[in-house]
Each structure stands twice: as C-alpha cells, then as structure tokens.
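So the structure is just underneath, and the comments pick up after that.
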Amino acid sequence: MRRITIWLLSTVTALVLLFSYRTSTMGVGGGTSAVAGDHGGATPDAGDTSAEPPTGGSGSAGDNGSTGDSGNSGDGSYDGSVAQTRWGPVQVRITVAGGRITDVTALQVPDGNFRDQQINDHAVPILRQAALTAQSARIDTVSGATVTSDGYRESLQAAIDAAHLR
C-alpha cells in the first residue's frame, strides 16, 4: 500500500511539473516588433483612445478608418479592415498622395510569441516594399509567413478600396 501511495504521488508531481513547464514559444519575446507604434509587444485595442491618431488629410474620419479629404482626390491615410488569421489579426494603413500609395504601415500583425515576432519582423518589410512597388494588393507571399501574407493582402486590398484606388 505504501509503494502505491508513493508511486501515485510521484506520478501526480511529475504531471504537474510537466504541464506547468513553459516553453520558449509560450512567452512574449523581447525586442522590437514590426507593428507600428508597438510598445512592449502589446496588441492595439480597438477601444484604446490613447493611440496616436492616423496621419494624412485634413478631412474627418470616414468609412474604414479613412482620414482622407474627400475633395482632395483621395490623398490621406486609409486603414484596411482587420483580417482575422489563425495566428492573430493583421491590419495595415496606407498613405496616398497624388493617387499613389506612398507608404504602407502594419498596424497589427500576429505577435503572440517570440517566433511570431521573428517571422513578422522579417516578412512585414518585404510585404511593404512589394505593395509600394506593385501599387496594389497583388503581391507575392513571403516564404515562411504565408498566413501573415494572406492577411496583409486582405487588409491592404480593403485600404485600397477605401481610398478608391484601382
């Protein structure tokens, strides 16, 4: 009876230790993130009023987070819709001047763990450059960041649609 009790307690202790072990992919990693305005890896909250306001035209905010002036041929900043991916939300903001995309900023990318941050720190600049070059959402997927690339394209297309570009 005593052996069974010791064996049972040892097994329970081992299971508790096993399930409480945190792997390196479970914690938030240090360093910077590819998300604009990211402070400490926190994901922007839709209800957060302390975030910086969008830059761009002088018009009032319209649909899809647009801050473009309706009388100024679409110049300004336009937020794409939030694309929900299996690893987390992806959202971009485009800046338009003279009917061309002059900047693309990632507002949200998956950042639940250090590996997500590594992937997106590599992929987001590539996606940004591809969008600026193509002037559209028809951009290639970044190898190793397929889910982020798909969400980026979806949000980018929504921002382009909001700006009434091609």
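What follows draws every value from the coordinates through simple rules; no lab data is involved. Treat the numbers as computed from the prediction; the structure is a model and nothing was measured.
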note = Along segment 94-110, Karplus-curve 3J(HN,Hα) (6.51, -1.76, 1.60; θ = phi - 60°) to the nearest Hz, with x for Gly and Pro, reads 10, 10, 10, 9, x, x, 10, 6, 9, 7, 10, 10, 7, 7, 9, 9, x
inquiry  = Check which residues have an amide H placed less than 5 Å from GLY80's amide H, if you skip close sequence neighbours.
reply    = VAL92, ARG93, ILE94, ALA159
note = Long-range amide H partners of VAL142, meaning residues 5 or more apart or on another chain whose placed amide H is closer than 5 Å, are SER149
ask   = Between THR13 and ARG86, what length comes free when the chain is fully extended (0.36 nm per residue of separation minus the Cα-Cα distance, one decimal in nm)?
value = 22.9 nm
query = HN-Hα J couplings of segment 123-130 from phi, Karplus 6.51/-1.76/1.60, θ = phi - 60°, integer Hz, Gly and Pro as x?
reply = 7, 4, x, 5, 5, 4, 5, 5
